[in-house]
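Notes follow once the structure below has been shown.
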Amino acid sequence: MFEPFFGFQKTPFQRDLPVTELFSTPAHEELISRLKYTVEKRFFSLITGEVGAGKSTALRRLDSMLNPNKYKVLYVSDSALTPRNFYGEVLRQMDCEPKFYRGDAKRQMHKAILDLVENQGKSPIILVDEAHLLNKEMLEEIRFLLNFRMDSYNPMSLILVGQPELKRILQLNIYEAITQRIGMRYHLTAMDMQEMADYIRHHLKVAGITSPLFTDGAQQILFEYSGGIARKVNNVCLSSLLCAAMRNKQLIDDHLVREVIENEFGT
C-alpha cells in the first residue's frame with residue numbers, strides 16, 4: 001500500500017530477506033564466529049538474547065555458510081518438546097522412522113549419528129531453538145543425549161538457543177551436570193543507536209530507497225521504544241511508513257513515530 005507512494009521496489013523491513021541481504025552488527029559477527037568454532041569443535045553451546053534480537057537470523061546465516069557435504073543441520077523448535085518428540089523429530093530429519101519407545105528412539109538416534117559421522121563423513125549439528133521453553137525432563141535428557149561411548153566421544157554439536165531466562169534456569173543447582181558440559185556461551189546484545197540507524201538505512205536501501213525517510217528525531221524516539229531490538233524496529237518502521245503514506249507525508253518525523261507507538265503498540 002505504501003510501496004508505490006515512496007517508490008519502493010519491494011516491501012522493506014521483512015523477516016524473509018535473502019541471507020546475502022541481511023544486516024549484521026559486530027555482535028552478530030562475533031556470534032557467527034563463535035558458532036562456526038562450535039561446529040568445528042563439536043561443542044555443546046548456549047546462545048541467549050532478547051526476543052527479536054536476531055538469534056534466529058544468526059542461525060540462518062550459519063546454515064548458509066556450512067558445506068552440506070560436511071555438515072548435517074538438524075533444527076528443532078517446539079514449545080512443548082518432550083524427549084520422545086525430540087528424538088522423533090531428529091530421526092525424521094535424518095530420514096529414519098523413529099522407534100515408538102523413548103529408550104529405543106534414543107539408541108536409534110545415537111546409532112544414526114554415529115553412522116552419519118563414521119560412514120558418511122558428516123558432522124551433525126542439532127539446533128534447539130526456543131530452548132528457554134524446555135521443561136525439566138527435556139533439560140535433564142540433554143545430559144544423556146551427549147553421552148557417547150561412556151562419555152569419551154563427542155560426534156556432534158548441540159546448540160541451545162533461547163531468551164535470557166534460559167541462562168538463569170541453567171544456573172540452578174539441579175542443572176550443574178549440564179552447565180559443566182557447555183563449551184561456549186554467548187549473549188547476543190541489541191543494537192545501539194548508531195547500529196539501529198544503519199539498520200534502518202540498510203533495509204531502505206535493499207528495498208530500493210537511498211534517501212533518508214526517517215528524521216533523526218524519529219530514530220531517537222524509535223530507539224527509546226525499541227531498545228535496539230530489530231523486530232520492534234521493523235514493526236514500528238512498517239507502521240510508520242503506512243501511516244505517512246496515508247497522510248501524504250514523504251518524511252517520517254518524531255511526532256508521527258511517537259503517535260504510531262502510542263496508538264499501535266500501547267506505549
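Taking the listed residues 166, 256, 160, 170, the one that is surrounded by 19 or more Cβ atoms within 10 Å (Cβ to Cβ), closer than 30 Å to residue 6 by Cα and either in contact with a helix residue (DSSP H, G or I) (Cβ under 7 Å, 6 or more places away or on another chain) or free of Cβ contacts under 8 Å to residues at least 12 places away in the same chain (or both) is 256, with no other qualifying.
Pairs meeting the criteria (first residue in segment 119-134 and farther than 16 Å from residue 59 by Cα, second residue part of a loop (DSSP other than H, G, I, E, B) and polar (S, T, N, Q), beta carbons under 7 Å, at least 6 apart or on different chains) are 132/163; 133/79. A search for C-beta distances below 7 Å between a residue of segment 88-109 that is at negative phi and any residue that is outside any loop (DSSP other than H, G, I, E, B) and charged (D, E, K, R), counting only pairs 6+ apart in sequence or on different chains, returns 98/92; 102/84; 105/84. The set of residues in segment 54-68 being more than 14 Å from residue 30 (Cβ to Cβ) and either touching an Asp or Glu at 6+ places or on another chain (Cβ under 8 Å) or in a loop (DSSP other than H, G, I, E, B) (or both) consists of 56, 59, 66, 67, 68. Restricting attention to segment 226-243, does a residue exist that is in contact with a helix residue (DSSP H, G or I) (Cβ under 8 Å, 6 or more places away or on another chain) and at positive phi? Yes: one or more hits.
Reported count of residues in segment 103-141, each being under 28 Å from residue 187 (Cα atoms) and part of a helix (DSSP H, G or I), is 9. State yes or no: is residue 182 hydrophobic (A, V, I, L, M, F, W, C) and in the same structural domain as residue 45 (by TED's automatic domain parsing)? So residue 182 passes the test. A single member of 100, 144 is more than 20 Å from the chain's Cα centre (by Cα) and not in a helix (DSSP H, G or I), and it is 100. Scanning segment 204-216 for residues that are part of a helix (DSSP H, G or I) and either surrounded by 15 or more Cβ atoms within 10 Å (Cβ to Cβ) or on the phi > 0 side of the Ramachandran plot (or both) yields 204, 206.
The values are calculated or read from the model by the stated rules, or taken from the named source; none is laboratory data. What you see is a predicted model, and the numbers here were worked out from it, not measured in a lab. Positions of Cβ are backbone-derived with ideal geometry, glycine not excepted, and every protein chain shown enters the neighbour counts.
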